[in-house]
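Colleague: Here it is, the structure in full.
The values are calculated or read from the model by the stated rules, or taken from the named source; none is laboratory data. Only a predicted model underlies this, so the values are computations on that prediction, with no experimental measurement involved. Don't worry about glycine lacking a Cβ; one is built from the backbone with ideal geometry, like all the others, and counts go over all protein chains shown. In case anyone asks, the SASA skips ligands and DNA or RNA and just uses the protein heavy atoms, side chains included. Shrake-Rupley method; radii C 1.70, N 1.55, O 1.52, S 1.80 Å.
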Amino acid sequence: MSAPPTPKDVGAMYDALTDLLSQALGDNIHAGYWQDAQDTSNVAQAADRLTGLVGQRLRTGAGQHVLDVGCGSGRPAVRIAAASGSRVTGITVSGHQLSLARARPEASAPDGMLEFRQADAMRLPFPDASFDAAYAIESLLHMSDQRTALAHLARVLRPGGRLVVADLCLSTVPHGADADDVAAASQVFQVSSIASPDEYRTLLEEAGFKVEEFSDIAPHVRRTYAVVARTMCQAGESIGGELAVQLDGAAASVERFGTLDCIGYALVTAVRP
Ligand SMILES: C[S@@+](CC[C@H](N)C(=O)[O-])C[C@H]1O[C@@H](n2cnc3c(N)ncnc32)[C@H](O)[C@@H]1O
């Protein structure tokens with residue numbers, strides 16, 4: 001078994017893949033949420049809808065301060081700040097994502113509603129009880145020490161503060177070819193581990209959180225994988241050469257990943273008592 005990725009490895013992967021993933025996912029770097037099979041939303045609308053679901057669960061308002069753990073290129077933070085009136089600080093381990101996030105016009109607005117920093121969630125550089133709420137969209141799965149990251153989150157949240165996690169989860173233990181597909185996709189995307197629902201609950205409770213709501217929304221997000229795989233193939237075709245072969249291989253692995261029954265998607269709300 002190979003060593004889990006370090007924040008540096010994850011940052012380097014996002015430095016290389018953020019433009020491609022953002023292109024595939026409508027300026028976001030997370031899954032879309034479709035209401036049902038008849039939902040004709042495009043991937044950008046569906047991804048923004050997922051951000052909206054996270055934002056609603058935070059229940060913050062004007063004058064409050066929210067931490068975005070793994071902020072990508074900043075679109076979710078911009079949307080959550082605008083919808084809630086809360087100030088949002090986003091952190092990422094990718095220098096390229098940091099530049100993209102800081103280049104957003106909203107990030108330099110004089111109202112100071114948005115701030116982006118390069119920082120590691122496993123060593124959060126913020127004082128105790130300095131945030132009213134926090135959210136992590138598809139970032140925990142990259143972290144080699146989710147226990148430490150969650151302990152930091154419990155530390156920087158004020159009592160009563162909410163944490164919302166939107167992330168892949170393992171609904172069942174994969175075996176055989178399915179396990180190989182999970183391992184292949186995890187290697188491409190520098191995934192450290194994907195927790196089961198029970199593991200999420202335990203991790204959160206051990207960090208001092210009370211789990212308020214846990215939903216597996218996999219049927220609503222599954223379409224995302226085929227969309228990303230298609231964009232990777234198209235990018236490969238336009239580039240050609242060895243990179244095209246690599247992108248094709250990665251796309252096939254993403255597409256297969258999206259068909260696996262063991263892959264769930266957790267939307268969790270927890271409260272720091
Ligand atoms: C799949 S992207 C999601 C980006 C963003 N949340 C979104 O939804 O558009 C994963 C994010 O997690 C961040 N991340 C991964 N490991 C991290 C760590 N140890 N500390 C802080 N951020 C991390 C990456 O830098 C990246 O921004």
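Colleague: Is it fair to say Leu204 is modelled with pLDDT of 95 or more, within 18 Å of His142 (Cα to Cα) and part of a helix (DSSP H, G or I)?
Modeller: Working: modelled with pLDDT of 95 or more: yes; within 18 Å of His142 (Cα to Cα): yes; part of a helix (DSSP H, G or I): yes.
Yes; evaluated as a whole, the condition is true for this residue.
Colleague: If only one of Ala103, Ala37, Ala62, Ala82 is surrounded by fewer than 22 Cβ atoms within 10 Å (Cβ to Cβ), more than 12 Å from the ligand (Cβ to nearest atom) and modelled with pLDDT under 95, which one is it? Step through it out loud before you land on a result.
Modeller: Values: Ala103 fails: modelled with pLDDT under 95; Ala62 fails: modelled with pLDDT under 95; Ala82 fails: modelled with pLDDT under 95.
The conditions single out Ala37.
Colleague: Now, a different point. Need the failing condition index for Thr224 against (1) among the polar types (S, T, N, Q); (2) over 22 Å from Gly26 (Cα atoms); (3) within 19 Å of the chain's Cα centre (by Cα), just the number.
Modeller: (2)
Colleague: Any residue at all in region 3-10 that's open to solvent by 10 Å² or more (accessible area, probe 1.4 Å), closer than 25 Å to Gln187 by Cα, free of Cβ contacts under 8 Å to residues at least 40 places away in the same chain and among the hydrophobic types (A, V, I, L, M, F, W, C)?
Modeller: Taking every residue of region 3-10 in turn, at least one turns out to be open to solvent by 10 Å² or more (accessible area, probe 1.4 Å), closer than 25 Å to Gln187 by Cα, free of Cβ contacts under 8 Å to residues at least 40 places away in the same chain and among the hydrophobic types (A, V, I, L, M, F, W, C).
Colleague: Now a separate question. Only helices (runs of 4 or more DSSP H) wholly contained in region 87-194 count here; list those with 1 or more residues that are closer than 18 Å to Ala12 by Cα.
Modeller: Details: elements: 95-102, 146-156, 176-188.
Once the helices (runs of 4 or more DSSP H) in region 87-194 are filtered for at least 1 residues that are closer than 18 Å to Ala12 by Cα, what remains is 95-102, 176-188.
So that you can scan it fast, the table gives a plain yes or no per residue for (1) open to solvent by 40 Å² or more (accessible area, probe 1.4 Å); (2) of a type in the set (A, V, I, L, M, F, W, C); (3) farther than 28 Å from Ser86 by Cβ:
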| position | (1), (2), (3) |
| --- | --- |
| His175 | yes, no, yes |
| Thr202 | yes, no, yes |
| Phe209 | no, yes, no |
| Ile239 | yes, yes, yes |
| Ala270 | no, yes, no |
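Colleague: Return the residues of region 29-52 that are among the acidic types (Asp, Glu) and in a helix (DSSP H, G or I); say none if nothing qualifies.
Modeller: Our first condition is that a residue be among the acidic types (Asp, Glu); within region 29-52, this holds for 36, 39, 48.
Asp48 - this is the single residue of region 29-52 that is among the acidic types (Asp, Glu) and in a helix (DSSP H, G or I).
Colleague: What's the total number of residues in region 14-34 that are aliphatic (A, V, I, L, M) and within 9 Å of the ligand (Cβ to nearest atom)?
Modeller: The initial filter retains those residues of region 14-34 that are aliphatic (A, V, I, L, M), namely 16-17, 20-21, 24-25, 29, 31.
Retained after the next criterion (residues that are within 9 Å of the ligand (Cβ to nearest atom)): 21, 25, 29, 31.
Going through region 14-34 one residue at a time, the tally reaches 4.
Colleague: What's the number of the only condition in (1) buried (at least 22 other Cβ atoms within 10 Å of the Cβ); (2) part of a loop (DSSP other than H, G, I, E, B) that Gly26 fails to meet?
Modeller: (1)
Colleague: Which residues, taken from region 1-22, are of a type outside the set (Gly, Ala, Ser) and out of contact with any helix residue (DSSP H, G or I) (no Cβ under 6 Å at 6 or more places or on another chain)? Walk me through it before giving the result.
Modeller: Residues of region 1-22 of a type outside the set (Gly, Ala, Ser): 1, 4-10, 13-15, 17-21.
Selection gives Met1, Pro4, Pro5, Thr6, Pro7, Lys8, Asp9, Met13, Leu17, Asp19, Leu21.
Colleague: Further, regarding this structure: Between Leu141, Leu170, Leu150, Leu157, which is away from the ligand (no atom under 14 Å from the Cβ) and open to solvent by less than 20 Å² (accessible area, probe 1.4 Å)?
Modeller: Exactly one of Leu141, Leu170, Leu150, Leu157 is away from the ligand (no atom under 14 Å from the Cβ) and open to solvent by less than 20 Å² (accessible area, probe 1.4 Å), namely Leu157.
Colleague: Just for region 85-100: of the residues that are of a type in the set (A, V, I, L, M) and open to solvent by 30 Å² or more (accessible area, probe 1.4 Å), which one is nearest to Thr18 (Cα to Cα)? Write out each step before concluding.
Modeller: Pass one, region 85-100, residues of a type in the set (A, V, I, L, M): 88, 91, 93, 98, 100.
In the following step, the residues that additionally are open to solvent by 30 Å² or more (accessible area, probe 1.4 Å) were identified as 93, 100.
Working: Val93: 12, Leu100: 10 Å.
Here the answer is Leu100.
Colleague: So in region 118-138, with the set limited to residues that are open to solvent by less than 40 Å² (accessible area, probe 1.4 Å) and of a type in the set (Asp, Glu), which one is nearest to the chain's Cα centre (by Cα)?
Modeller: For region 118-138, the residue satisfying everything is Glu138.
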